[in-house]
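Okay, so here's the structure we're looking at.
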Amino acid sequence: MAIAFSTAHVLSPEDALAGRQQTIARGRTRTLRRFFEPDMKCQPDMHQPLVSICIPTYRGAAFLPATIESVLRQSHANFEMWIVDDASPDDTASAVRAFNDKRIHYLRNEHNLGPNANWNRCLELARGKYYKLLPHDDLLEPGSIAEHVAVLEADVDEEIALVFGSRLVI
């Protein structure tokens with residue numbers, strides 16, 4: 001399935017700064033968001049990933065391998081992946097340990113924070129210019145990150161704050 005960006009929905013920086021993105025981003029896992037902080041300088045160096053793909057999870061061991069594989073199959077390789085485990089009682093850690101990729105980072109919360117706080121924890125850890133929130137039971141289509149990044153990178157006037165396309169839920 002290809003993503004058609006001619007019909008992509010975008011959000012302006014002014015709307016993003018005003019907090020209006022919350023109603024669009026909440027529950028929509030197919031977005032790539034540009035970080036807009038008033039004084040933030042978004043100029044990645046060789047050691048900073050361009051994209052932070054953050055996977056908040058709770059009881060996600062059954063789904064995580066497919067989700068991680070979908071991220072690792074992306075043609076855009078300049079990313080970091082944060083998997084933030086909200087104190088799952090399942091074997092989430094083993095599911096993550098099965099992958100040997102230096103871009104994958106795993107953090108287990110000492111106690112359950114709940115979905116909102118765990119999502120915020122993901123955001124705190126992200127170092128990329130762009131941020132992708134990907135729940136543990138979603139898959140990325142091959143090439144989707146590259147297409148999202150291309151749209152945002154082509155926006156030299158920084159009029160776009162949010163790009164999203166198709167998604168698959170497993």
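The values are calculated or read from the model by the stated rules, or taken from the named source; none is laboratory data. Everything quoted here is computed from the prediction, not taken from an experiment. When the accessible area is computed, the model is the full protein with side chains, heavy atoms only, and any ligands, DNA or RNA have been set aside. Shrake-Rupley method; radii C 1.70, N 1.55, O 1.52, S 1.80 Å.
Brief remarks follow.
- A simple rule links phi to the HN-Hα coupling: the Karplus curve 6.51 cos²θ - 1.76 cosθ + 1.60 with θ = phi - 60°, which for region 135-144 gives x, 5, 10, 10, 10, 9, 5, x, x, 5 Hz, with x for Gly and Pro.
- Residues 79, 63 ordered from highest to lowest accessible area at a 1.4 Å probe: 63, 79.
- Using θ = phi - 60° and Karplus 6.51 cos²θ - 1.76 cosθ + 1.60, couplings along region 149-165 (whole Hz; Gly, Pro as x): 4, 4, 4, 5, 5, 6, 8, 5, 7, 6, 8, 10, 10, 8, 10, 8, x
- Of the residues 75, 94, 144, ranked by 1.4 Å probe accessible area with the largest first, the sequence reads 75, 94, 144.
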